[in-house]
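Please treat every number below as a calculation from the coordinates, not as lab data. What you see is a predicted model; the values in this text were computed from it and never measured. All Cβ positions, glycine included, derive from the backbone under ideal geometry; neighbour counts span all protein chains shown.
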Amino acid sequence: MTQYRIITIIIASLIVTAGIGCTNDDTTELAWINDAGNPINDIIWADGDQTWANGTTGYADQAQTESKKVNALYGSVIASIDVGSGFQEGTVIIGETGSGSLSLHDGSSEVYTIISVTP
Amino acid sequence: MKQYQTIVLVLTVCLIGIGTTLLQASDFIWQQISGNWSVVTDNKESYLKENRSKAFNFDYSPLINCNTIISTNSAIVFTTVTHTLTLDAPQGTATYLTFFNASDYRQFYAVQFTGNDSCITTISIIQSDIKDTTLPKQAKGNFIITTLASSDVHLAYGQPYTLAITINNTSIAVLVDNKQVLSHTLNEKLEGGSIGFASKNCIPIIDNCKVYNGSTIVFEDDFSKESIRKIILKGKKLTPQEIEVQKKKQNK
């Protein structure tokens, strides 16, 4: 009987240990700085994996969004901007890669800055 | 004498420069509001296509909630708008609009196609308007869409149709392949505005867009060249050092 108890305790301990091992604390976070000179209202990451919005005021020039957890490590970024005649959607092209898509490192906390809006 | 020659030369160069700038500015006859529209040219022909299908509910206007392009000419008065249309790759509820008389992104009329996974099931004439004019334009969801007329249809995906929208005073008619499918009498005479195309949950292919006022063509595009202006935001990844500097700035 004691043997069974010991085996049960060992198995239970193993399950708990394995469970702790499986917990992933590698949260990937992303934040944005608006350095474009114009307000940016909404930012959408990877088809809606994460969104940033700041009420009706948007993110003013030089404002930083809060850092948010993302699940997708690869995706494109779109943002909404008031162009006067109404709100339009723009694609963010990353200067270093010249691409509309970007890859994040798993578990990293990355910050991107939007430096210009054209036209 | 040499001075005059130099002045004439400088003026000529300036005029050429201004002319080129104006020509470049007028190259864009469409403005992309949302989505990923492009002119596609294959071996046989060229056409307009929206490539993303999925649209995002920014909710500032019905047009930004779809994938939309709008004419840069904002004063198109017409009696007939016609173009070919193929809808492809439906996902869930597919929606397509040819809109006209748009004074802004929330005020317009449109002919709307809606469909399920297997076929296009409804054609409607709709009107979009601002819900509460006292609210700022940043207010989300501040628009109202009214269905003015609607008809059940059974149109196939992947097949080209010719859509024609005709206006005669206040009467509006919708024709598909020269057959009238819908008509309605509006409460107002249309005074003109922008035209455009919008879609979500499907891939529209559009070609041979012609807009007539009487027998005169007032606007046309055969989509033989790229003529879409798009907003581009340039971004840059911050280095760990730059992130630290930014953190210090924020904490000040």
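Which whole number gives the average, over all residues in A:32-42, of C-beta atoms from other chains lying within 10 Å of the residue C-beta? Intermediate results must be reported in sequence, preceding the final value.
Details: counts 2, 8, 1, 3, 3, 0, 1, 1, 1, 4, 7.
Whole-number average of other-chain Cβ neighbours for A:32-42 is 3.
Panel order for A:R5, B:R106, by other beta carbons found within 10 Å of each beta carbon, from fewest to most: A:R5, B:R106. Add +1 for every Lys or Arg and -1 for every Asp or Glu among the other residues with Cβ under 12 Å from the Cβ of B:S74, and state the total. Neighbourhood net charge equals -2. When the Cα atoms of segment B:183-252 are aligned to their principal axes, the ranges along those axes come out at 66, 35, 26 Å in descending order. The protection proxy used here, the mean number of other Cβ atoms lying within 10 Å of each residue, ranks peptides A:83-90, B:234-241 as follows, highest first: A:83-90, B:234-241.
Note on segment B:126-172 and segment B:208-230: Cα centroid distance 21 Å, given to the nearest whole angstrom. The magnitude of the dipole of segment B:27-238, with charges of +1 and -1 set on the Cβ of Lys/Arg and Asp/Glu and taken from the Cα centre, is near 800 debye. A simple count of charges around A:P39, restricted to other residues whose Cβ falls under 14 Å of its Cβ and scoring Lys, Arg +1 and Asp, Glu -1, yields -3. Taking Cβ atoms as reference points and 14 Å as the exclusive limit, the residues near B:Y161 contribute a net charge of -2, counting Lys and Arg as +1 and Asp and Glu as -1.
Per residue of peptide B:236-242, the mean number of Cβ atoms on other chains within 10 Å of the residue Cβ is 5.
Please compute the Kirkwood hydrodynamic radius of segment A:26-114 from all pairs of different C-alpha atoms, in Å with one decimal.
On the way: mean 1/r = 0.0756 Å⁻¹.
Evaluated on segment A:26-114, it is 13.2 Å.
Roughly what % antiparallel, to the nearest 5, for the DSSP beta bridges in segment B:27-238? Taking every DSSP beta bridge with both residues in segment B:27-238, the antiparallel ones total about 95 percent.
Pairwise Cα distances in the protein assembly as shown exceed 36 Å in 37 percent of cases. Set the Cα radius of gyration of segment B:27-238 against 2.2 N^0.38 Å, with N its number of residues, and you get 0.99.
Helix B:240-251 and the long axis of chain B differ in direction by around 80°, with both axes built from C-alpha atoms. Largest GNM mean-square fluctuation among B:V181, B:V111, B:V81, using chain B with Cα springs under 10 Å: B:V181.
Taking Cα atoms, how many degrees apart are the long axis of helix B:2-25 and the longest axis of chain B, rounded to 10 and kept between 0 and 90? Helix B:2-25 sits roughly 30 degrees off the main axis of chain B.
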